[in-house]
Amino acid sequence: MTTTASAPTTVKEFRLPDLGEGLTESEIVQWHVAEGDTVELNQIIADVETAKAVVELPSPYAGVVVRLHEAAGTTVDVGAPIVSFEVAGESGEPGASGAPHAVPPSAADEPAENRPAPARREPNLVGYGAALEKGGRPQRRTRVLPGVVSMPVTVPTVRVPAERPRSTPPVRKLARDLGIPLDGLTGTGPGSLITRTDVLAALAGTAGSAGSAATPSTVLAGGPSAVPSPDPSRGTRSPAGQTRTPIKGVRKHTAAAMVASAFTAPHVTEFLTIDVTPTVELLAELKQGRALEGTRITPLAVVAKAVCIAVARNPTLNSSWDEQAQEIVQYADVNLGIAAATPRGLLVPNIKAAQSLALVDLARALGALAETARAGKTPPADLTGGTLSITNIGVFGIDAGTPILNPGEAAILAVGAIRSMPWEYQGAVALRSVLTLSLSFDHRLVDGEQGSRFLADVGTILRNPAMVLAMV
Amino acid sequence: MTDGSSPDLASGTVHPGPSRPGADELVQLVDPHGVRHPHGHYDALVADVDGPALQKLYEDMVVVRRIDAEATALQRQGELALWPPLLGQEAAQIGSGRALRSDDFVFSSYRENAVAYCRGVDLADILRVWRGNASSGWDPYTINMATPQVIIGAQTLHATGYAMGILNDGADAVAVTYFGDGATSQGDVNEAMVFAASYQAPVVFFCQNNHWAISEPVGLQAHVPIARRAPGFGIPSVRVDGNDVLACLAVTREALARARSGGGPTFIEAVTYRMGPHTTADDPTRYRDANELEDWAARDPLARLATLLDSLGLLDADYTDSVKATADAVAAELREGCLSMPEPAPSDVFRHVYSAPNSWLDRQQDHYERYLASFGPDGGTPQEGRR
């Protein structure tokens with residue numbers, strides 16, 4: 001759209017709508033347009049993530065984007081302006097246009113936000129609820145008593161106490177500690193939020209020379225001269241070669257799950273290093289066999305099978321602590337979780353009722369699980385209901401570790417790399433295939449005895465697969 | 001969703017009504033590749049559907065898909081509080097909707113916007129409720145379609161009751177009720193089928209099995225095809241490819257003819273797929289396999305009819321341009337109607353409660369209006385106003 005000098009245009013502001021039912025905020029994941037772009041009606045301008053879904057935002061106007069109010073990655077309150085468009089035509093309602101050039105620019109021609117507050121009921125956009133009144137608490141409306149003539153009275157202007165400067169508690173504390181009043185600062189954060197950097201910049205200013213101020217030890221990132229300009233890309237450049245990436249998505253979920261697990265379930269980890277040469281030989285033999293044509297049986301599949309057999313003998317490993325109900329949940333099925341590094345991050349999809357699968361089926365299920373996970377197509381159902389997990393750190397060449405429990409599960413087994421090592425064999429030292437198993441368990445549910453027996457059982461099977469005959 | 005087992009395996013009963021072999025089989029006249037297959041029974045019911053009629057059905061589906069997309073956009077732009085998309089279900093709704101006579105009466109759920117379009121609803125009226133502008137969008141008697149029911153399955157009772165009224169009147173109109181697979185688990189739907197069968201009421205139960213009751217897959221509530229439930233009530237049933245507009249038209253015509261001729265109710269299971277979210281506040285990727293959507297996209301109702309039209313030489317540029325122009329005009333009318341909808345007055349809440357004046361309500365309205373007036377002429381803006 002070309003805007004000639006005489007063509008009347010109006011700036012229209014688009015405020016973030018309530019995209020679900022009763023949401024108060026959403027995050028702008030990505031802008032699909034930039035300032036200066038011409039957009040069509042309903043052209044997708046942004047991806048927005050609400051608490052319920054990631055949705056595409058279609059443009060409400062055909063026109064030119066004149067301003068993106070918020071950068072990608074910002075969480076925006078419902079009702080806050082996010083983008084302004086310049087659109088053809090007059091402001092005001094259809095039919096209200098009359099001789100636009102005959103009158104000097106009046107208040108009516110200005111964008112709504114510049115106009116003085118209209119003394120009438122303001123219609124809300126659907127779903128916003130009542131417009132919030134400034135001041136933090138509901139204001140009573142003035143009631144005019146019948147019989148009392150309402151007339152303009154010059155009331156001494158009551159100064160409504162200004163809203164206190166917007167910031168966050170840690171930054172408020174920092175400012176207090178440094179003796180910097182927040183009232184005088186201009187926030188550069190989202191929605192004019194006063195950030196740590198703003199406070200430090202102010203400190204630098206009061207100290208006279210930039211950069212030379214004695215920065216207190218609480219200062220974490222960068223010198224006072226560092227005032228980052230808002231960067232629309234997702235990772236924000238910080239001083240001193242750091243890159244700051246907002247915590248979100250699978251990373252955020254993983255972190256929350258790990259923290260919840262590590263600080264609610266008392267973890268105990270046990271290690272067992274064993275000679276698994278017989279298992280390696282068995283795998284080689286199976287590879288020759290015709291029965292398993294087309295299916296690759298991996299050491300992981302054997303470990304998974306061994307875990308299922310060992311669980312049958314030590315069922316407490318396949319249970320869960322229900323804090324709310326004050327009950328221990330014992331599962332009949334082993335829904336075996338397999339930690340998988342996927343494009344989205346760490347996921348632990350599980351194989352339902354793994355104990356009922358024969359070795360070859362288990363191997364197939366593991367293959368399918370990995371493939372689906374790598375393709376990013378793991379169905380949600382596969383990610384819930386796990387009861388016990390395996391993490392294969394051996395693929396990274398690692399021997400042992402102290403895995404953190406998948407939340408809600410009683411045990412997780414880390415499988416190390418199989419290495420050729422000098423090992424005692426039939427009274428002499430020989431080169432054998434050696435593997436370390438690391439088992440973490442929830443000590444609320446599993447005592448040392450049960451955990452040890454379980455780990456020993458898994459070890460026994462891997463050390464000599466034929467021992468299964470004596471165990472099932 | 002065919003389960004491969006033979007019909008009547010579970011019940012061992014014989015379907016009443018005209019029974020056909022393999023009742024679990026989908027009636028399909030146009031396959032997903034756009035190929036028209038002859039059908040011994042149903043061809044006769046759509047013998048009148050010539051090229052122009054097929055073109056009209058296609059146009060209808062394109063237009064309602066456009067209405068759906070425009071309304072979804074309006075919701076994203078803050079102009080509607082919520083919208084329940086029908087994407088993927090166009091054929092089931094247009095095929096059945098175009099089979100109806102103007103004196104038939106529709107009782108639908110909230111997703112049958114394409115049926116409302118067939119009934120000739122004013123476009124903006126579809127949006128009125130979702131904009132929070134009115135308690136109901138239109139006067140049901142102007143288009144013989146009740147305003148959409150949000151309570152799951154309740155409309156089936158209304159339809160059955162209306163159909164019993166038709167019996168009393170001795171008329172030959174039919175009540176048609178639309179609901180989803182999830183609704184079949186509701187008591188209301190089962191009660192409606194009991195009464196419909198008992199009275200042999202002229203009602204058609206049109207179930208769009210779109211495979212998802214919000215986040216619950218249909219397999220959770222029905223281990224056998226849903227159409228098999230109806231014979232248990234003494235109601236003949238048929239399963240139809242819900243993405244085949246011609247087949248939907250045929251089976252609906254058959255059911256209507258049965259009802260008009262005193263043959264009582266029919267249950268139609270249109271097997272289709274909700275390709276979008278349950279509503280604009282839902283994220284189906286949280287519970288639905290991406291592969292499933294791909295599978296159903298390959299069975300898209302519009303694509304297959306377009307292929308058929310093309311093979312008949314009926315999809316030239318002039319025609320597609322005119323369809324697009326119609327869809328654009330409808331979308332523009334819908335948007336304009338939405339944005340220019342007058343805001344309701346506070347006292348409108350008292351309207352449409354009683355059909356005749358009611359002194360008690362009038363008094364309440366009077367009190368409320370005087371209360372509002374007490375805020376003065378500025379309508380009660382907070383003293384400090386807006387920023």
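Being closer than 19 Å to A:Thr254 by Cβ and either more than 14 Å from chain B (Cβ to nearest Cβ) or over 21 Å from the mean Cα position of the chain (by Cα) (or both) is the filter here; which residues of the stretch A:348-371 pass it?
A:Val348, A:Asn350, A:Leu369, A:Ala370 - these are the residues of the stretch A:348-371 that are closer than 19 Å to A:Thr254 by Cβ and either more than 14 Å from chain B (Cβ to nearest Cβ) or over 21 Å from the mean Cα position of the chain (by Cα) (or both).
Could you pull out the residue among B:Thr326, B:Thr307 that is touching a His at 6+ places or on another chain (Cβ under 9 Å) and touching a residue at least 60 places away in the same chain (Cβ under 8 Å)?
B:Thr307
Being free of Cβ contacts under 8 Å to residues at least 24 places away in the same chain, of a type in the set (A, V, I, L, M, F, W, C) and within 14 Å of chain A (Cβ to nearest Cβ) is the requirement here; does B:Ala317 meet it?
In short, no.
Within the stretch A:422-446, can you find the residues that are surrounded by fewer than 18 Cβ atoms within 10 Å (Cβ to Cβ), in a loop (DSSP other than H, G, I, E, B) and either touching a residue at least 40 places away in the same chain (Cβ under 8 Å) or among the aliphatic types (A, V, I, L, M) (or both)?
A:His443, A:Arg444
Tell me the residue from B:Ala73, B:Ala53, B:Ala81 that is in contact with a helix residue (DSSP H, G or I) (Cβ under 8 Å, 6 or more places away or on another chain) and more than 23 Å from B:Ala298 (Cα to Cα), please.
B:Ala81
A:Thr402 - would you say it is β-branched (Val, Ile, Thr), in contact with a His (Cβ under 9 Å, 6 or more places away or on another chain), under 24 Å from A:Asn350 (Cβ atoms) and in the same structural domain as A:Val280 (by TED's automatic domain parsing)?
In short, yes.
Filter the stretch A:375-393 for residues that are surrounded by fewer than 20 Cβ atoms within 10 Å (Cβ to Cβ) and either more than 27 Å from B:Arg286 (Cα to Cα) or away from every other protein chain (no Cβ under 14 Å) (or both) and give the result.
A:Ile393
Among the residues of the stretch A:374-387, is any among the basic types (Lys, Arg), touching a Leu at 6+ places or on another chain (Cβ under 9 Å) and not in a helix (DSSP H, G or I)?
No; the residues of the stretch A:374-387 include none that is among the basic types (Lys, Arg), touching a Leu at 6+ places or on another chain (Cβ under 9 Å) and not in a helix (DSSP H, G or I).
Quick check: anything in the stretch B:92-103 within 13 Å of chain A (Cβ to nearest Cβ), surrounded by fewer than 23 Cβ atoms within 10 Å (Cβ to Cβ) and not β-branched (Val, Ile, Thr)?
First pass over the stretch B:92-103, keeping only residues within 13 Å of chain A (Cβ to nearest Cβ): none.
No, that holds for no residue.
Going by the structure shown, is B:Thr285 of a type outside the set (Gly, Ala, Ser) and either in a loop (DSSP other than H, G, I, E, B) or over 30 Å from A:Leu41 (Cα atoms) (or both)?
Considered against the rule, which asks whether it is of a type outside the set (Gly, Ala, Ser) and either in a loop (DSSP other than H, G, I, E, B) or over 30 Å from A:Leu41 (Cα atoms) (or both), B:Thr285 comes out as no.
Which of the residues spanning the stretch A:260-299 are more than 40 Å from the chain's Cα centre (by Cα) and free of Cβ contacts under 8 Å to residues at least 60 places away in the same chain?
A:Glu281, A:Leu283, A:Ala284, A:Glu285, A:Leu286, A:Lys287, A:Gln288, A:Gly289, A:Arg290, A:Glu293 - these are the residues of the stretch A:260-299 that are more than 40 Å from the chain's Cα centre (by Cα) and free of Cβ contacts under 8 Å to residues at least 60 places away in the same chain.
Let's see how each residue does on (1) hydrophobic (A, V, I, L, M, F, W, C); (2) under 36 Å from the mean Cα position of the chain (by Cα):
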{"site": "A:Ala410", "(1), (2)": "yes, yes"}
{"site": "A:Met421", "(1), (2)": "yes, no"}
{"site": "A:Glu424", "(1), (2)": "no, no"}
{"site": "A:Ala428", "(1), (2)": "yes, no"}
{"site": "A:Leu431", "(1), (2)": "yes, no"}
{"site": "A:Val434", "(1), (2)": "yes, no"}
{"site": "A:Ser440", "(1), (2)": "no, yes"}
{"site": "A:Arg444", "(1), (2)": "no, yes"}
{"site": "A:Asp447", "(1), (2)": "no, yes"}
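Could you list, in sequence order, the residues of the stretch B:143-167 that are part of a loop (DSSP other than H, G, I, E, B) and surrounded by fewer than 22 Cβ atoms within 10 Å (Cβ to Cβ)?
Selection gives B:Asn144, B:Ala146, B:Thr147, B:Val150, B:Ile151, B:Ile152.
Which ones in the stretch A:40-65 are assigned to a loop (DSSP other than H, G, I, E, B), out of contact with any Phe, Trp or Tyr (no Cβ under 7 Å at 6 or more places or on another chain) and at pLDDT 90 or above?
A:Glu40, A:Asn42, A:Gln43, A:Ser59, A:Ala62
Check the stretch A:334-345 and report whether any residue there is farther than 24 Å from A:Met258 by Cα, in contact with a helix residue (DSSP H, G or I) (Cβ under 7 Å, 6 or more places away or on another chain), surrounded by fewer than 18 Cβ atoms within 10 Å (Cβ to Cβ) and not β-branched (Val, Ile, Thr).
No, that holds for no residue.
Consider only pairs whose beta carbons are under 8 Å apart and that are at least six residues apart or on different chains; among these, list those whose first residue lies in the stretch A:163-174 and is surrounded by 10 or more Cβ atoms within 10 Å (Cβ to Cβ) and whose second residue is of a type in the set (Gly, Ala, Ser).
A:Pro165/A:Gly187; A:Arg166/A:Gly187; A:Arg166/A:Gly191; A:Arg166/A:Ser192; A:Ser167/A:Ala175; A:Ser167/A:Gly187
With respect to B:Leu220, is the statement that it is of a type in the set (A, V, I, L, M), within 14 Å of chain A (Cβ to nearest Cβ) and out of contact with any His (no Cβ under 9 Å at 6 or more places or on another chain) true?
When the stated conditions are applied, B:Leu220 passes them.
Counting only residues that are outside any helix (DSSP H, G or I), closer than 16 Å to B:Ile126 by Cα and more than 14 Å from chain A (Cβ to nearest Cβ), how many does the stretch B:41-86 have?
Total satisfying the criteria: 1.
For the stretch B:268-297, how many residues are in contact (Cβ under 8 Å) with a residue 40 or more places away in the chain and away from chain A (no Cβ under 14 Å)?
Counting residues in the stretch B:268-297 that are in contact (Cβ under 8 Å) with a residue 40 or more places away in the chain and away from chain A (no Cβ under 14 Å) gives 9.
Within the stretch A:295-331, count every residue that is more than 20 Å from A:Arg453 (Cβ to Cβ) and either outside any helix (DSSP H, G or I) or β-branched (Val, Ile, Thr) (or both).
Of the residues in that region, 11 qualify.
Filter the stretch B:258-274 for residues that are over 13 Å from B:Gln208 (Cα atoms) and in contact with a Gly (Cβ under 8 Å, 6 or more places away or on another chain) and give the result.
Correct list: B:Arg258, B:Gly263, B:Thr266.
For the stretch A:9-30, name all the residues that are more than 9 Å from chain B (Cβ to nearest Cβ) and under 19 Å from the mean Cα position of the chain (by Cα).
Correct list: A:Thr24, A:Glu25, A:Ser26, A:Glu27, A:Ile28, A:Val29, A:Gln30.
Filtering the stretch B:143-164 down to residues that are modelled with pLDDT of 95 or more and hydroxyl-bearing (Ser, Thr, Tyr), which residue is farthest from B:Glu191 (Cα to Cα)?
The qualifying residue farthest from B:Glu191 (Cα to Cα) is B:Tyr162.
The values are calculated or read from the model by the stated rules, or taken from the named source; none is laboratory data. Since we're looking at a predicted model, the values are computed, not measured. Using ideal geometry, Cβ is built from the backbone for each residue, glycine included, and neighbour counts are taken over all protein chains shown.
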